[in-house]
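Student: Right, I'll just put the structure down here and ask away after.
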Amino acid sequence: MLAVMSSEPEQQIGVGTPDAFQRLWTPHRMAYIQGEGKPTGPGADDGCPFCSIPAKSDEDGLVITRGETVYAVLNLYPYNGGHLLVVPYRHVADYTELTDAETAELATLTKRAMAAIRTASGAHGFNIGMNQGVAAGAGIAPHLHQHVVPRWGGDANFMPVVGHTKVLPQLLADTRRMLADAWPK
């Protein structure tokens, strides 16, 4: 049951000085912050989630589609609804380590991801890119992955800017199903 909002701030013990802000808690993000599911080392056998996902069902692994050398999977900690990753099956850290076939299929699946997201949710634009290495912001640096982040006009509202919170209107399993259904053949 939702609490009734009032114009008076509710004092919450342990959250700092009362400041008239209502708070939207996102405790699921703590798993990411604390490094849950991250590899223990640089090798494929060091708990790399991108190496273990292909062995799961599409639904359990949140896989959108599987190619010959790469696959597309939803990001567990998305910046926006529909944020997915295009990942080579092979455990490589650097873009220059991809074979020509892997590079070509990574590009093809990225294009298809954009088409599927546009069909499914009418994205206005995209941020597409890779963070190569820990210093560049890669959360899982030992296994290359390309981000495909859908964007809409006005999607950078006050929540991420002021509240440091992203509101996602759909469960990941529902987003996976929607994008898989919209994936170009």
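The values are calculated or read from the model by the stated rules, or taken from the named source; none is laboratory data. Not measured: the values here are computed from a predicted model. Neighbour counts run over all protein chains shown; Cβ positions are idealised from the backbone, glycine included. Protein only, heavy atoms only, side chains kept; ligands, DNA and RNA dropped before computing areas. Shrake-Rupley method; radii C 1.70, N 1.55, O 1.52, S 1.80 Å.
Student: Once the cut-off is 28 Å, how many percent of the Cα-Cα pairs in the stretch 43-182 end up in the long-distance tail? Kindly include the intermediate steps, with their values, before the conclusion.
Tutor: Working: 1498 of 9730 pairs.
Tail fraction, whole percent: 15.
Student: Could you order the peptides 38-48, 116-126 from most to least packed, using the average number of other C-beta atoms within 10 Å per residue?
Tutor: Per-residue Cβ counts within 10 Å, averaged per peptide and sorted highest first, yield 116-126, 38-48.
Student: Give me the net charge for the shell around Arg112: Cβ to Cβ below 14 angstrom, other residues only, Lys and Arg +1, Asp and Glu -1.
Tutor: The answer is +1.
Student: Rolling a 1.4 Å sphere over the protein heavy atoms, what is the accessible area per residue of the stretch 43-182, to the nearest Å²? Intermediate values should be presented prior to the final figure.
Tutor: Values: 6910 Å² over 140 residues.
Roughly 49 Å² per residue, with all protein chains present.
Student: Can I ask one more? Please give the FRET efficiency for Met30 paired with Lys56, using the beta carbon to beta carbon distance and R0 = 25 Å, rounded to the nearest 0.05.
Tutor: It comes to 0.60.
Student: Which far-off residues, 5 or more places away or on another chain, put their amide H under 5 Å from the one on Phe126, with H placed in the peptide plane?
Tutor: The list, which skips near neighbours in sequence, is Arg151.
Student: Leaving ligands, DNA and RNA out of it, report the carbon-plus-sulfur percent of the accessible area of the stretch 43-182 at a 1.4 Å probe.
Tutor: In the stretch 43-182, the share of accessible area belonging to carbon and sulfur is 55 percent.
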